[in-house]
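One structure below.
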Amino acid sequence: MPLDGTPPAKAPIFNLPPMTKALLAVNCAVFLVEWLLPDRALDSLLDTFGFVPVRYLGWTESWWPALLAPISFQFLHEGASHLFANMLGLVAFGAGVEPRMGRWRFLVFYLLCGVAGAAAQFAATPHAIAALIGASAGVSGLFGAILRFGAFRRRFWLLVGLWLVMNLVTGTAGTLAVGPVAWIAHVGGFVCGLLLYPLFVHEDFAGK
């Protein structure tokens, strides 16, 4: 899509911007591999390539998972519903953000938001041994970028506040009911998206 105007609010999946479509395909392909693996191999995959905070305190069997995990954890998901929710967000927000950045700046932006989410989770729970997985932090960063668009400026702080409260509530409810939800990683990715968007947006869209 050319950088000559605001992208349409709705985009059919086959008309998605190229990097958004590529990220969608990679996430789905990785999930298919997960689905085909036996339980023991899947557990090993998630533990190796998921982001495990305690590794960064020095407890690690080898150094390479710690180097890869801040990126690789973003492509792993636990169950079809987890994948579906994140890919829905990727499609919804990526279709609006990528045309304003270009494909490669968009990719770097998305991954950096995911890394920021992992860093926030580490800062909050450095001794955690459970692997953090999922695209939620990167997708949260895309939503942060969406809120920097001109159409949202009048309601900016209201939407930021609502999003933070929603994550706090759902994170707490998830912890009590069905297991831990890494809402702190979501917040880290979201704040990163808010702050970094002006550095990545194409000049044609600056201030719009």
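Name the residues of the stretch 108-128 whose amide N is less than 12 Å from a point 7 angstrom out from the Cα of L32 along the C-beta direction?
Residues passing the 12 Å test: none.
So, in nm, how far is label H202 from label L42 when the simple model puts each one 7 Å beyond its Cα toward the Cβ?
Result: 4.0 nm between the two label points.
Could you calculate the FRET efficiency of L168 with H82 from 1/(1 + (r/R0)^6), where r is the beta carbon distance between them and R0 is 25 Å, rounded to 0.05? Can you show the working numbers first?
Working: r = 19 Å, r/R0 = 0.78.
With R0 = 25 Å, the Cβ-Cβ based efficiency is 0.80.
Considering only the other residues whose Cβ falls under 15 Å of the Cβ of I133, what net charge follows from Lys and Arg at +1 and Asp and Glu at -1?
On the way: positive: R55; negative: E34, D43, D47, E78.
Local charge sum for I133: -3.
Tell me the label-point distance for the pair L107, A130, using the 7 Å Cα-to-Cβ offset, in nm and rounded to one decimal.
Rounded to a tenth, the inter-label distance reads 3.3 nm.
Throughout, read-outs are computed from the coordinates displayed, never taken from laboratory work. Predicted model only: the values in this text are computed from it and were never measured. For neighbour counting, all protein chains shown are included, and Cβ atoms are generated from backbone atoms with ideal geometry for every residue, glycine included.
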